[in-house]
Amino acid sequence: MSKRVLNAVMLSLAFIVSGAFSLMSVASAQADPGKLPDVPTKGMVTMVDLGAKSCIPCKMMAPILEKLERDYKGKAAIVFIDISQDATEAERFGISVIPTQIFFDKQGKEILRHKGFMSEEAIVTQLKKMGVN
């Protein structure tokens, strides 16, 4: 395991609400990489939120992401990736802090990277800047 992946896993563990999880239990719960969505989504503005379902700021963002996913269906891809379930995604995207949001344009080019909680208003503003109504 690379140092960057290990740091991301350790960071996500620091945000776990209950201290009941250990690094071993997180490692044994690896998600099937075949089930992860393609990010960025081809031909569509994409916002990916990388975090952990157990981190407090990530939990605060969950209902926002669910709402935006419904509101922007067919217009923009809103994707959540739980890096505590698949630490390779943390390395793939160079994640050092969770949550981290990355916005990609329709061509798949990274436009913006934000670290920490991001409000619905800030996400909508960024999507509008990228031409999504």
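Computed from the coordinates by the stated procedures, all read-outs in this text should not be read as laboratory data. Treat the numbers as computed from the prediction; the structure is a model and nothing was measured. So basically every Cβ, Gly included, is an ideal-geometry build from the backbone, and we count neighbours across all protein chains shown.
Residue separation of I56 and Q107 scaled by 0.36 nm, minus their Cα-Cα distance, works out to 15.1 nm of gained length.
Pairs over the 24 Å Cα-Cα cut-off, from the set K67/K129; K42/K128; K53/K129; K59/K129; K53/K73: K53/K129; K59/K129. Measuring r between the beta carbons of R92 and E69 and using R0 = 22 Å, the FRET efficiency lands at 0.55.
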